[in-house]
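S.K.: The following block contains the structure, expressed as structure tokens.
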Amino acid sequence: MSGLEIDYPSNDNSVGISKKQQRQKKKVKATPKPSSPSRSKRLKCTANTTDEEGSPDTQNWKQNANIFDLGTKGFEALIEAKRFKSENPSFIVKITKTNISASRANFQVPFYKKYFKDDEKHIQIRFEGELLPAKVCYQRHNSLAIISAGWPLFAQRSKLQIGDVTVFELINREDPLFDVHIYRAHG
């Protein structure tokens, strides 16, 4: 077999496929096509995560469903974050298991469309006086606005934990700079 062919069993009543054969067939995968420039641009902003407004990714939703429920520390952090007031525009990112393990975090598409016109924009995240480079981008194919290429470093340096809530405050629109305010669910 070339690796692209799959040998499907016939529908007659002959002897069934052995479990070993079934496992081998499951392992067969097509060779990935080389990335085109437009595809590679889309892939730069791709990782497994859920949308803050609710994603079709049911498995991740189930894992994160109770983190911000009434009475939890995550819920209390979210209430505090929603009380944040500023003359500057801002958005909230709730920290879920997916945000900790992924290379990106989703945020509200309307915010992105209002303040960033390009597909990708280099930004700075300021946390405790340190400037961390990152990118924001909008994925038209699945309608997601994301922070990428810098999110993992920010999550590590700020010691984000599941249930924390972050407020990204846009301080400078010309050379995008965000101050980040973290509302901790754990102390």
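The values are calculated or read from the model by the stated rules, or taken from the named source; none is laboratory data. The shown structure was predicted, so the numbers you read here are calculated from the model rather than taken from an experiment. We place every Cβ from the backbone using ideal geometry, glycine too, and count neighbours over all the protein chains shown.
S.K.: Could you run through the range 105-134 and say how many residues are of a type in the set (A, V, I, L, M, F, W, C) and exposed (fewer than 15 other Cβ atoms within 10 Å of the Cβ)? Talk me through it step by step, then tell me what you get.
M.R.: Residues of the range 105-134 of a type in the set (A, V, I, L, M, F, W, C): 105, 107, 109, 111, 116, 123, 125, 127, 131-132, 134.
Now drop any that are not exposed (fewer than 15 other Cβ atoms within 10 Å of the Cβ), which leaves 131.
Of the residues in that region, 1 qualify.
S.K.: Taking the condition among the acidic types (Asp, Glu), surrounded by fewer than 15 Cβ atoms within 10 Å (Cβ to Cβ) and at positive phi, does Glu87 pass?
M.R.: Working: among the acidic types (Asp, Glu): yes; surrounded by fewer than 15 Cβ atoms within 10 Å (Cβ to Cβ): yes; at positive phi: no.
Against the criterion (among the acidic types (Asp, Glu), surrounded by fewer than 15 Cβ atoms within 10 Å (Cβ to Cβ) and at positive phi), Glu87 does not qualify.
S.K.: Considering only the range 168-186, I want to know if a residue exists there that is under 15 Å from the mean Cα position of the chain (by Cα) and surrounded by 18 or more Cβ atoms within 10 Å (Cβ to Cβ). Lay out the reasoning, then the answer.
M.R.: Pass one, the range 168-186, residues under 15 Å from the mean Cα position of the chain (by Cα): none.
Within the range 168-186, not a single residue is under 15 Å from the mean Cα position of the chain (by Cα) and surrounded by 18 or more Cβ atoms within 10 Å (Cβ to Cβ).
S.K.: Is it the case that Lys33 is of a type outside the set (Asp, Glu) and at pLDDT below 95?
M.R.: Details: of a type outside the set (Asp, Glu): yes; at pLDDT below 95: yes.
Taking the combined requirement at face value, the residue satisfies it.
S.K.: Pairs under 7 Å by beta carbon, first residue within 21 Å of Arg157 (Cβ to Cβ) in the range 82-103, partner part of a loop (DSSP other than H, G, I, E, B) and of a type in the set (Phe, Trp, Tyr), six or more apart or different chains?
M.R.: That search, which allows pairs on different chains as well, returns Ser90/Phe84; Lys94/Phe68.
S.K.: Sticking with this one: Take the residues in the range 72-128 that are among the hydroxyl-bearing types (Ser, Thr, Tyr) and more than 20 Å from the chain's Cα centre (by Cα); name whichever of them is modelled with the highest pLDDT. Before you say what the answer is, go through the steps one by one.
M.R.: We begin by selecting, within the range 72-128, every residue among the hydroxyl-bearing types (Ser, Thr, Tyr); these are 72, 86, 90, 96, 98, 101, 103, 112, 115.
Applying the additional criterion that residues be more than 20 Å from the chain's Cα centre (by Cα) yields 72, 86.
Numbers: Thr72: 88, Ser86: 95.
In this case the residue turns out to be Ser86.
S.K.: Among the strands (runs of 3 or more DSSP E) lying completely within the range 61-172, list those that include at least 1 residues that are over 21 Å from Ala185 (Cα atoms), out of contact with any Leu (no Cβ under 6 Å at 6 or more places or on another chain) and of a type in the set (Val, Ile, Thr).
M.R.: Working: elements: 90-94, 105-107, 120-127, 130-139, 144-148, 165-172.
It comes to 120-127, 130-139, 144-148.
S.K.: Scan the range 155-164 and tell me whether some residue there is over 29 Å from Leu70 (Cα atoms) and either surrounded by fewer than 20 Cβ atoms within 10 Å (Cβ to Cβ) or touching a helix residue (DSSP H, G or I) at 6+ places or on another chain (Cβ under 9 Å) (or both). Working first, answer last.
M.R.: Looking only at the range 155-164, we keep the residues that are over 29 Å from Leu70 (Cα atoms), and these are none.
The answer is no, given that none of the residues of the range 155-164 is over 29 Å from Leu70 (Cα atoms) and either surrounded by fewer than 20 Cβ atoms within 10 Å (Cβ to Cβ) or touching a helix residue (DSSP H, G or I) at 6+ places or on another chain (Cβ under 9 Å) (or both).
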